[in-house]
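First comes the structure, then the notes that go with it.
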Amino acid sequence: MASTKKILDAVLSGRSDANIRFGAVRKLLQSLGFDERIKGGHFIYSRGDVVEIINIQSDSGGKAKPYQVKQIRGIITRYGMEMSQEP
């Protein structure tokens, strides 16, 4: 799996929203300090200093849905987030 820095760069670039793996998005959100809850096929992420709740599901090919990647990019840029540490 790609490093979280490469995943973050891909999400922020906005050029490949349809080609980002679902597992990579999960890894990125966790490295940004979000708490994960799973309810059925919904992966729900929250963080104390972020008002929005992120709810993502994978598409049938194991990729993240492009509109959800766009929403995540908006939250990352709006809050000026950085990774806490590289796993």
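Descriptive notes on the structure:
- Cβ-to-Cβ counts within 10 Å put Lys5, Lys39 in ascending order as Lys39, Lys5, the fewest first.
- Charge sum, other residues only, whose C-beta stays under 11 Å from Phe22's C-beta, Lys/Arg counted +1 and Asp/Glu -1: +4
- Placing R0 at 30 angstrom, the Cβ-Cβ distance between Asp49 and Lys6 gives a FRET efficiency of 0.75 after rounding to 0.05.
- Normalised contact order of the range 4-79, rounded percent, pairs of Cα under 8 Å and 6 or more residues apart: 32
- For Rg and Dmax of the Cα atoms in Å, calculated from these coordinates, the label among (i) 16.4, 47; (ii) 11.8, 32; (iii) 11.6, 35: (ii)
- Computed label-point distance, nm, for sites Tyr67 and Met83 using a 7 Å Cα→Cβ extension: 2.9
- Positive-end ranking of Gln68, Leu8, Leu28 along the dipole of the chain, with charges on Cβ about the Cα centre, is headed by Gln68.
Every number here is computed from the coordinates shown, using simple stated rules; none is lab data. As the structure is a prediction and not an experimental result, all values here were calculated from the model. For neighbour counting, all protein chains shown are included, and Cβ atoms are generated from backbone atoms with ideal geometry for every residue, glycine included.
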